[in-house]
Amino acid sequence: MKRIAFWTVILGLVAATAYGLLQRPAERPLAVFAARAQKTTFVREVSADGYLKADRLRLAFPQAGIVREVRKRPGERVQKGEILALLEDTESRRRLALAEARLRAFKEEDRAQRAALRARLKRLQEKQAELKKQLTLTRALLAAGAASPKALEEAENNLAENARALAEARAEARRQAAQAEARRAELEAALAEAKEALEKTRLRAPADGTLESLPFRPGELARGEAVLVVAGSIRPFARFPEAEAGAIQPGQPARVELVSEPETSRATRVVRVLPPQREGDTAWVPVELAPLGEGAGAPDLSLTAYVEVERIEDAVVVPLESLVEDESGTYIWTIEKGRAHRIKVEKIAQNLTQAAVSGLAPGIPVVRLPPESLKEGTPLAPIYEEGDGGDH
């Protein structure tokens, strides 16, 4: 009996082991990172490092001299025409005052001479009219026998003599006017020269802007140049690799991140795309962007520029790492009822982090970084990152 019981137990264990080996083990879900396809605006940008470029004007006195006064300091904003510094100008101011006095004296003398000449001409013209009346009366009297031929001759001579005097006065007026005009031009030229000489002792701002440097010191010989950064000229400038710059065109929207404001983007746009510059085997395309506005950083400040080269409205977007590409095409692993399901899609566009696709509905959960061993129907335990919509 004991031997029969022993073999019965052995046979039971063997049967149990065989049954266990033949049974399919319980399937454990595979943990995967997941996200949901979203319907949104897809944007592709190209980026490059750059700096803030500015128009700088170099200013210097047009003549040598000792600095008398400095009115501005580096870093100050100035307006067009403002005096920045002055040279000693005692002699220049004396010459200007003398030229102004000479011109004033000439104008007073010319007014007096013109007034006297006008009065003389008026007298001669009035006398001419009177002599013409006298001649007409004498002729009438001679015809009536009340005047002699000699009286007529005398009246005619008087009229002719006054006419000659009137012609000479008019000629003198023309000569005087020409001489006065020449003298006026000479004195005005001297005055302009004196003003120009005085202006050369003033250093003025030729445009609105900010002084970057002003090396002049009162009492010292004026040496060097002041530098003015023109207002509104500070603009982003970047060099893009030629392979990425082909899609950049003037007018495209762009943004800039300044090294001084790493968490802030400033909106701008492409203004100019310049010809490529070659450095050995590498080609760079310089791109100039629109000014960022006042207070947007100092010239030469480093930055990163982003140019929007493609935009698709209402696109279905998935993480770029969810795409799988092989000889059969492009597909995505989705999650349906907790299991893996492969869907073929068409990639429309991609940027550094996302892809716009067709053939996939928004809201569908997709597997990010799908493992190569993933198979159709594999149970999945999706792990959603914050903001990926795992609770939908």
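The values are calculated or read from the model by the stated rules, or taken from the named source; none is laboratory data. Computed from a predicted model, the values in this text were never measured in an experiment. All Cβ positions, glycine included, derive from the backbone under ideal geometry; neighbour counts span all protein chains shown.
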The conditions are (1) over 35 Å from the mean Cα position of the chain (by Cα); (2) crowded, with 17+ Cβ neighbours inside 10 Å, and GLU346 fails exactly one of them. Which is it?
(2)
Of all residues in the range 285-328, how many are among the hydroxyl-bearing types (Ser, Thr, Tyr), crowded, with 16+ Cβ neighbours inside 10 Å and farther than 20 Å from GLY50 by Cβ?
1
Of the conditions (1) loosely packed, with under 15 Cβ neighbours inside 10 Å; (2) at pLDDT 95 or above; (3) not in a loop (DSSP other than H, G, I, E, B), LYS80 clears all except one; give me its number.
(3)
Being in a strand (DSSP E or B) and surrounded by fewer than 13 Cβ atoms within 10 Å (Cβ to Cβ) is the filter; apply it to the range 242-281 and report the residue that is modelled with the lowest pLDDT.
GLU279
Sole exception among (1) part of a loop (DSSP other than H, G, I, E, B); (2) in contact (Cβ under 8 Å) with a residue 60 or more places away in the chain for GLU372, by number
(2)
Among (1) more than 57 Å from the chain's Cα centre (by Cα); (2) within 30 Å of GLU69 (Cβ to Cβ), where does ASN162 come up short?
(2)
Within the range 34-48, residues of a type in the set (Gly, Ala, Ser) and under 27 Å from ALA238 (Cβ atoms) come out as SER47, ALA48
Within the range 354-369, the residues that are part of a loop (DSSP other than H, G, I, E, B) and closer than 21 Å to ILE312 by Cβ are GLY359, LEU360, ALA361, PRO362, GLY363, ILE364
Those residues that are within 30 Å of ALA177 (Cβ to Cβ) and of a type in the set (A, V, I, L, M, F, W, C), I need them from the range 128-164; list them, please.
ALA129, LEU131, LEU159, ALA160, ALA163
Does at least one position in the range 40-55 carry a residue that is out of contact with any strand residue (DSSP E or B) (no Cβ under 8 Å at 6 or more places or on another chain) and not in a strand (DSSP E or B)?
no
Would a scan of the range 91-108 turn up a residue that is more than 30 Å from THR201 (Cα to Cα), without any contact (Cβ under 8 Å) to a residue 60 or more places away in the chain, part of a helix (DSSP H, G or I) and not assigned by TED's automatic domain parsing to the domain that holds ARG71?
yes
Filtering the range 218-256 for residues that are over 29 Å from ARG58 (Cβ atoms) and of a type in the set (A, V, I, L, M) leaves a count of 5
Hey, could you check the range 85-127 for residues that are polar (S, T, N, Q) and over 26 Å from ALA177 (Cβ atoms) and say which is surrounded by the fewest Cβ atoms within 10 Å (Cβ to Cβ)?
THR90
Restricting to the range 192-215, count the residues that are farther than 13 Å from ILE83 by Cα, in contact with a strand residue (DSSP E or B) (Cβ under 6 Å, 6 or more places away or on another chain) and not small (Gly, Ala, Ser).
2
